[in-house]
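**Q** Quick one: this structure, given as structure tokens, is what I'll be asking you about.
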Ligand SMILES: Cc1cc2nc3c(=O)[nH]c(=O)nc-3n(C[C@H](O)[C@H](O)[C@H](O)COP(=O)(O)OP(=O)(O)OC[C@H]3O[C@@H](n4cnc5c(N)ncnc54)[C@H](O)[C@@H]3O)c2cc1C
């Protein structure tokens, strides 16, 4: 009779649930008995993923979509039977805007986050001046950087494309996505593809051109085809909102007799025992025992839990800075919105001296977000560049954002609904040197037997990356259990020969 290994995962966001689900898949596929418990501190699973229905609107408090270029979220949806619920962005509106001198200016087709992929895309753009375009056009002449020291995203963009491209395009895009100040963000950790493009092609223009022409290697291709065949738009969501992913994971796990999901179990202490097992204590005085302990938490919360046991590890985890961001869903009658909102949304450069980071046109991007005759938008406020805005009281925050939308979109009417969701210390900032810190964390983690860490603070904060990291960690926990000798020798031999 094989002994059942006890795995306890602390944190019931997508990272914790994806790790639990993958462990259960492995346990079932390889007939290795594992007991998985997920302890979530609040009364709800999902963490930052939180879909709400209000007054006929589908509101996303956190993520509203995921990228399909990285296959892991898509694959999980397929494994969970959610393929039929995936929805694509509206094909006729696949563009976004940048605010320039108080107006919304379209980012032309062919721009890839920081840079245009062709001279045509560059010169058809109104987002930078003619002088700025000339400087950008010199990019292929800029020699590639020597040495392996990390640099900031801001330094990289200025070096290759010039100051105007940074201020008018890269800064607002990056601040919008990461709620960050690009002056501090590590290029290698945040945008490794751009680093790779420079190293491989000597120029971002040349690399993007190669990708567009389909000459680039597989990892850089724009293909979004899954193993099962269908091709998706770059971003997809679920018809019922991103919460459907969490509800489905929870329902699947709750059906398994060896998976235990526990809500309102805020863990306040973890204690290593001499026999290499762990005791986990909650604020409500509950106690759990684990052979394998996984912390699927924001780095600052993981740091607090490991402090007594592993001060060195805690120090490095705590050094990963986080920023706070608020999402504000804003609903208008379509007739009150004079300007056609025919794109995914807009971002606002810091030099425009406004208060919002950006705005997503939710009901344009995806169907069924608002009733007919209504428009739903989602404004982002706060982040590294507007910390004071995040802390505004509800009424002043609503007034500020309403006034800015009125100025930018020409909307005089009051919104028919505004819903604020604040995410304090939610966005990890991959500062310059982040990869070195992660290497240290990895080394230090290995000193504590049976302790594993995952979360959005490591190698990517988008949902596909969180899922991928969690699933890889699940495999490592599974392998650890095999090596740890819970299984008898003949079983290990059987598994090793598969
Ligand atoms: C506003 C916003 C918008 C975003 N939009 C997108 C998007 O559109 N697409 C995309 O791909 N990504 C997006 N992201 C990023 C993505 O949502 C996150 O990186 C991801 O959801 C993080 O999941 P996680 O499980 O690692 O952490 P979390 O979701 O933070 O989960 C951690 C969980 O641990 C629990 N917990 C904490 N402490 C304890 C404790 N002591 N005991 C027990 N439980 C505890 C928490 O309650 C929480 O449920 C967005 C992020 C934000 C903030």
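The values are calculated or read from the model by the stated rules, or taken from the named source; none is laboratory data. Note that this is a predicted model, so its numbers are computed, not measured. Every residue, glycine as well, gets a Cβ built from its backbone with ideal geometry; the counts of neighbours run over all protein chains shown.
**Q** Within the stretch 289-309, is there a residue that is within 25 Å of residue 181 (Cβ to Cβ), in the same structural domain as residue 457 (by TED's automatic domain parsing), in a loop (DSSP other than H, G, I, E, B) and touching a strand residue (DSSP E or B) at 6+ places or on another chain (Cβ under 8 Å)?
**A** Checking the stretch 289-309: at least one residue is within 25 Å of residue 181 (Cβ to Cβ), in the same structural domain as residue 457 (by TED's automatic domain parsing), in a loop (DSSP other than H, G, I, E, B) and touching a strand residue (DSSP E or B) at 6+ places or on another chain (Cβ under 8 Å).
**Q** Please determine whether any residue of the stretch 17-35 is surrounded by fewer than 20 Cβ atoms within 10 Å (Cβ to Cβ), modelled with pLDDT of 95 or more, more than 30 Å from residue 351 (Cα to Cα) and within 15 Å of the ligand (Cβ to nearest atom).
**A** Within the stretch 17-35, not a single residue is surrounded by fewer than 20 Cβ atoms within 10 Å (Cβ to Cβ), modelled with pLDDT of 95 or more, more than 30 Å from residue 351 (Cα to Cα) and within 15 Å of the ligand (Cβ to nearest atom).
**Q** In addition: Any chance the stretch 127-137 includes a residue that's at pLDDT 85 or above and within 19 Å of residue 360 (Cα to Cα)?
**A** In the first step, residues of the stretch 127-137 are kept if they are at pLDDT 85 or above; the result is 127-137.
Still in the list and also within 19 Å of residue 360 (Cα to Cα): 127.
Yes, there is a match, as at least one residue in the stretch 127-137 is at pLDDT 85 or above and within 19 Å of residue 360 (Cα to Cα).
**Q** Name the residues in the stretch 260-288 that are in a loop (DSSP other than H, G, I, E, B) and either over 19 Å from residue 307 (Cα atoms) or away from the ligand (no atom under 11 Å from the Cβ) (or both), would you? Walk me through it before giving the result.
**A** Start the filter on the stretch 260-288 by keeping residues that are in a loop (DSSP other than H, G, I, E, B), which leaves 263-266, 273-277, 283-286.
Result: 263, 264, 265, 273, 274, 275, 276, 277, 284, 285, 286.
**Q** A further question on this structure: Mind checking whether some residue in the stretch 417-427 is at pLDDT 95 or above, away from the ligand (no atom under 11 Å from the Cβ) and under 23 Å from the mean Cα position of the chain (by Cα)?
**A** Residues of the stretch 417-427 at pLDDT 95 or above: 417-427.
After this cut, where a residue has to be away from the ligand (no atom under 11 Å from the Cβ) as well, the list is 417-420.
Pick out the ones that are also under 23 Å from the mean Cα position of the chain (by Cα) and you get 419-420.
For the stretch 417-427, residues at pLDDT 95 or above, away from the ligand (no atom under 11 Å from the Cβ) and under 23 Å from the mean Cα position of the chain (by Cα): present.
**Q** With the structure loaded, tell me whether residue 48 is part of a helix (DSSP H, G or I) and either more than 7 Å from the ligand (Cβ to nearest atom) or modelled with pLDDT of 95 or more (or both) or whether it fails that test. Before the answer, list the steps.
**A** Numbers: part of a helix (DSSP H, G or I): no; either more than 7 Å from the ligand (Cβ to nearest atom) or modelled with pLDDT of 95 or more (or both): yes.
Answer is no for this residue.
**Q** Going by what's in this entry, would residue 53 be described as part of a strand (DSSP E or B), more than 7 Å from the ligand (Cβ to nearest atom) and surrounded by fewer than 18 Cβ atoms within 10 Å (Cβ to Cβ)? Give the derivation first.
**A** Working: part of a strand (DSSP E or B): yes; more than 7 Å from the ligand (Cβ to nearest atom): yes; surrounded by fewer than 18 Cβ atoms within 10 Å (Cβ to Cβ): yes.
Answer is yes for this residue.
**Q** Tell me, yes or no, whether the stretch 88-95 has at least one residue that is within 13 Å of the ligand (Cβ to nearest atom) and closer than 19 Å to residue 234 by Cα. Explain how you work it out, then say what you get.
**A** Quick first cut of the stretch 88-95, residues within 13 Å of the ligand (Cβ to nearest atom) only: 89.
Of the ones still in play, those that are also closer than 19 Å to residue 234 by Cα are 89.
Taking every residue of the stretch 88-95 in turn, at least one turns out to be within 13 Å of the ligand (Cβ to nearest atom) and closer than 19 Å to residue 234 by Cα.
**Q** From the list 165, 149, 121, exactly one residue is assigned to a loop (DSSP other than H, G, I, E, B) and either assigned by TED's automatic domain parsing to the domain that holds residue 386 or modelled with pLDDT under 95 (or both). Which is it?
**A** The match here is 149.
Here's the yes/no breakdown for (1) over 26 Å from the mean Cα position of the chain (by Cα); (2) exposed (fewer than 15 other Cβ atoms within 10 Å of the Cβ); (3) at pLDDT 95 or above; (4) farther than 13 Å from residue 451 by Cβ:
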{"residue": "243", "(1), (2), (3), (4)": "no, no, yes, yes"}
{"residue": "254", "(1), (2), (3), (4)": "no, yes, yes, yes"}
{"residue": "261", "(1), (2), (3), (4)": "no, no, yes, yes"}
{"residue": "270", "(1), (2), (3), (4)": "yes, no, yes, no"}
{"residue": "278", "(1), (2), (3), (4)": "yes, no, yes, no"}
{"residue": "282", "(1), (2), (3), (4)": "yes, no, yes, yes"}
{"residue": "302", "(1), (2), (3), (4)": "no, no, yes, no"}
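**Q** Please go through the stretch 129-146 and give me each residue that is under 27 Å from residue 432 (Cα atoms) and part of a loop (DSSP other than H, G, I, E, B), ordered by number.
**A** 138, 142, 143, 144, 145, 146 - these are the residues of the stretch 129-146 that are under 27 Å from residue 432 (Cα atoms) and part of a loop (DSSP other than H, G, I, E, B).
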